[in-house]
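**Student:** Quick one: this structure, given as structure tokens, is what I'll be asking you about.
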Amino acid sequence: MPAMPRREFLRRSSGAAALAVLAPASLATTAAEGARARRLIRGAKFSQGILSGDPTPTGITLLTLLDEVSRSGSVRLEVARDRGFHNVVGRNTIATRGAIGHSVKARVTGLKPGERYFYRFETADEQSGVGRFQTALPADSEEPVRFAFFSCADYTHGYYNAYELMARDDLDFVVNLGDYIYAETYHSRRGGTGVRDDRIGTTRTGNPEASRVATSLGDYRDKYALYRSDRSLRRLHASTPMVSIWDDHEVVDNYAGAAPKGGLPPEKDAPAGRRRAAYKAFFENMPFFPSGRSRIYRSLPMGANVDLLMLDQRQYRGNQPCGDTVGPPCAGYDAPNPYLGRAQMDWLKQRLERSGAAWKVIGNEALAMPAKVTGGSFYGFDSWQGYPAEREELLQHIKARGIKDVVFVTGDIHTFIAGDVRTAQGDGETVALEFVGGSITSENFGETDLDVGGGTRLQGNDANPSTDPSIVAALRAINPWVDAADFDHHGYGVVTASKAEFDVTLKRLQTIKRRSRATLPDDGYRWKVARGQTSIKGVNGPDA
């Protein structure tokens with residue numbers, strides 16, 4: 001659609017009600033700065049697109065970032081009921097400046113529940129594209145909720161075909177479970193495993209697998225801009241609200257937020273200054289306002305059918321036990337060690353107990369089911385299995401309180417997995433279900449050499465991942481709570497949650513090495529879970 005002439009934009013906007021806008025506290029200015037900030041900026045570009053996030057029945061967060069600009073000033077935001085902006089419901093101006101990366105973010109309130117709206121931004125001489133969003137359903141609505149969930153989008157390793165498919169779907173919102181950017185550069189075209197290059201950051205990585213790593217605020221800001229140079233990601237943001245949390249790669253691989261220097265060795269550490277820079281860039285670049293300085297765990301009710309509970313499993317965790325290696329549990333690994341931390345754990349238990357939603361959906365960064373390999377080894381200790389005290393506390397609470405229909409939607413491990421979440425590190429009773437949505441592009445098990453314990457490594461093939469089905473079957477036998485798994489493909493999960501059923505499909509792509517919208521059949525990777533159903537074991541895989 002061609003851009004509307006500026007005069008017509010202003011004429012149609014005049015008389016529209018002012019939007020309620022929550023601006024970042026960092027925008028506080030002196031009187032002189034305030035006067036400059038009220039003027040619309042000139043010469044800026046909207047090359048990173050426009051974003052919406054955290055829909056509620058009456059509100060939304062809207063965001064854009066300006067490029068090719070150095071001055072402070074303002075940007076106009078307009079919201080309408082129609083794509084042509086004939087029915088404008090509000091507009092306002094938002095101040096921005098270099099200190100916040102020329103981020104332009106507003107929390108818009110006073111909207112109608114379950115309705116679709118359109119929005120755009122304008123400077124003195126430039127207009128953004130038009131975006132759309134849908135507000136959440138009212139609390140008593142029993143309409144089905146349709147959403148996608150995803151994680152792990154290494155820019156270099158593949159094309160964002162999954163984002164393109166999500167943008168073309170009619171989704172109420174999408175759930176980003178972390179690793180939206182990678183601080184590290186792992187692949188390159190010259191190296192043979194990359195489809196494009198990322199030259200941001202220092203070459204002094206402390207990580208033999210990474211050629212570069214972001215360390216400064218400028219680096220992290222540049223990462224978001226690079227990732228959004230992909231048109232499919234911009235298209236997804238413009239079409240669908242996103243609910244986001246972070247994982248480790250928004251800062252650095254496998255850091256633990258409550259441990260000194262991130263719990264990492266000196267050559268790879270994450271000192272407090274680096275974490276602050278990464279967090280600042282995250283909040284500038286994601287359509288979300290934290291509660292307080294950096295709290296991201298939160299709940300978003302989506303009508304009567306879904307209560308979405310988003311967790312933070314990085315900021316408050318203690319150091320991973322056992323050196324976070326593939327191996328058997330070490331002495332004392334099950335000692336009390338924070339994963340969610342006390343405040344977040346208490347909040348989650350209370351929310352689960354009080355929720356009246358048909359489905360309690362936990363937006364979960366890392367695997368809740370154990371992941372075991374040969375010889376009694378755990379596949380690392382970075383997920384819930386490395387923090388068994390808090391894991392058992394949560395699952396026993398669900399069991400003791402009789403909380404039904406709890407579902408984890410999970411990222412991090414780059415593999416499609418579905419199964420039962422059991423107490424006692426998998427040896428107890430099923431109290432929840434889990435669906436792991438693979439990765440958008442990040443290297444999966446079939447594309448790399450997989451450590452399966454005891455010094456054994458299974459050889460992968462980046463160009464043609466094709467894991468022997470007998471290997472998958474053998475690992476599933478070691479992990480009997482798993483119903484189905486795919487080690488070789490990329491994609492995401494799609495859910496339609498109704499009063500009676502949680503219908504989930506793990507959408508698997510044919511390839512990420514070229515731009516394509518081709519997918520694999522859903523057979524074996526779709527589950528229709530009924531209310532009260534306590535297990536999916538045997539639905540698509542072998543019986544319990």
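**Student:** Being assigned to a loop (DSSP other than H, G, I, E, B), more than 23 Å from the chain's Cα centre (by Cα) and over 14 Å from residue 135 (Cα atoms) is the requirement here; does residue 91 meet it?
**Tutor:** In short, no.
**Student:** Which of the residues spanning the stretch 527-544 are surrounded by 13 or more Cβ atoms within 10 Å (Cβ to Cβ) and part of a strand (DSSP E or B)?
**Tutor:** Result: 527, 528, 529.
Yes/no per residue for (1) surrounded by fewer than 22 Cβ atoms within 10 Å (Cβ to Cβ); (2) under 22 Å from the mean Cα position of the chain (by Cα); (3) closer than 28 Å to residue 242 by Cα; (4) acidic (Asp, Glu):
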residue: 300; (1), (2), (3), (4): yes, yes, yes, no
residue: 311; (1), (2), (3), (4): no, yes, yes, no
residue: 332; (1), (2), (3), (4): yes, no, no, no
residue: 339; (1), (2), (3), (4): no, yes, yes, no
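**Student:** Right, another one. Whether any residue in the stretch 384-401 is part of a loop (DSSP other than H, G, I, E, B), at positive phi and touching a helix residue (DSSP H, G or I) at 6+ places or on another chain (Cβ under 8 Å) is what I want to check.
**Tutor:** Checking the stretch 384-401: not a single residue is part of a loop (DSSP other than H, G, I, E, B), at positive phi and touching a helix residue (DSSP H, G or I) at 6+ places or on another chain (Cβ under 8 Å).
**Student:** Could you check the stretch 347-377 and list, in sequence order, the residues that are free of Cβ contacts under 8 Å to residues at least 60 places away in the same chain and more than 21 Å from residue 297 (Cα to Cα)?
**Tutor:** none
**Student:** Restricting attention to the stretch 189-203, report how many residues are over 15 Å from residue 153 (Cβ atoms) and in contact (Cβ under 8 Å) with a residue 40 or more places away in the chain.
**Tutor:** Result for the stretch 189-203: 3.
Each row is one residue, and each column tells you yes or no for (1) within 20 Å of residue 537 (Cβ to Cβ); (2) surrounded by fewer than 22 Cβ atoms within 10 Å (Cβ to Cβ); (3) in contact with a strand residue (DSSP E or B) (Cβ under 9 Å, 6 or more places away or on another chain); (4) at pLDDT below 95.
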position	(1), (2), (3), (4)
442	no, no, no, no
445	no, no, yes, no
448	no, yes, no, no
451	no, yes, yes, yes
458	no, yes, yes, yes
476	yes, yes, yes, no
482	yes, no, yes, no
498	no, yes, yes, no
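Matching residues to (1) farther than 30 Å from residue 220 by Cβ; (2) buried (at least 23 other Cβ atoms within 10 Å of the Cβ); (3) in the same structural domain as residue 237 (by TED's automatic domain parsing):
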residue	(1), (2), (3)
39	no, no, no
49	no, no, no
54	no, no, no
66	no, yes, no
75	no, yes, no
78	no, yes, no
81	yes, no, no
86	yes, no, no
93	no, no, no
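**Student:** Then there's this: Return yes or no: is residue 328 modelled with pLDDT of 95 or more, surrounded by fewer than 22 Cβ atoms within 10 Å (Cβ to Cβ) and not charged (D, E, K, R)?
**Tutor:** Yes, satisfied.
The values are calculated or read from the model by the stated rules, or taken from the named source; none is laboratory data. It should be emphasised that the depicted structure is a prediction, and the values quoted were computed from it without experimental measurement. Glycine also receives a Cβ, built like all others from the backbone with ideal geometry; neighbour counts cover every protein chain displayed.
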